[in-house]
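Comments concern the structure below.
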Amino acid sequence: MTNWIVSGGASARRCTDHETGMSGRQLVRRCKVPLRVAGLALLLGLVSQFSHARDDGRYANSPLKPWFDSLKSGKGPCCSDADGYAVADPDWESKSGHYRVRIEGEWHDVPEDAVITEPNRAGRTMVWPIKGWGGLTIRCFMPGSMT
C-alpha cells in the first residue's frame, strides 16, 4: 500500500481558487456584495407592504367605521393592509360580470375573489389597492351604483 502524499500527489485545493486566481478571502468578499444587495431588496419589499396602510384616526367617529373595518373579500380583510378610496364612475366599468378599475391612470382587471358581494352601505364605488414589489394588486373592490 502506498501513501498518496508521499507518492507525489497534488496538494488539496479548491477548484475556484485555481480557476479565478483569487484567495479564499477575496472570494468571500466578492460574494458578500450580491448577498447584501439581495437582502436589502427583500427588506425594502417587506417594509413597503407594511408601511402602505395608514389609519390616522380621521374617520374614528364615522358611523360606518365598524362596517368598513369588517369588510372582507376572498383575499382577506380590506382595511387591514390597504387604504380604500372612492372611485369616480368614469374610472370603473363592468362587462359580462367582470370589473375593471382605473388606478393612477392605468386600467386594472379586478380579480373575482377581490369583489365584495355584500350591500354597499357607502353608496360609492371603492377600491383597496396594494402596491408592492410585484406591482399593484387589488385587495378589495366594492361596486357602486354607476349613476
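So here's what we get for this one:
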{"quantity": "Point-to-point label distance, Thr137-Glu93, nm (Cα→Cβ direction, 7 Å offset)", "calculated": "2.6 nm"}
{"quantity": "Ranked Phe68, Phe141, criterion: other C-beta atoms within 10 Å, fewest first", "calculated": "Phe68, Phe141"}
{"quantity": "Which of His108, His98 has the fewest Cβ neighbours within 10 Å, and the rest in rising order", "calculated": "His98, His108"}
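Computed from the coordinates by the stated procedures, all read-outs in this text should not be read as laboratory data. Keep in mind it's a predicted model, so treat the numbers as computed, not measured. In this analysis, Cβ positions are derived from the backbone assuming ideal geometry, glycine residues included, and neighbour counts consider all displayed protein chains.
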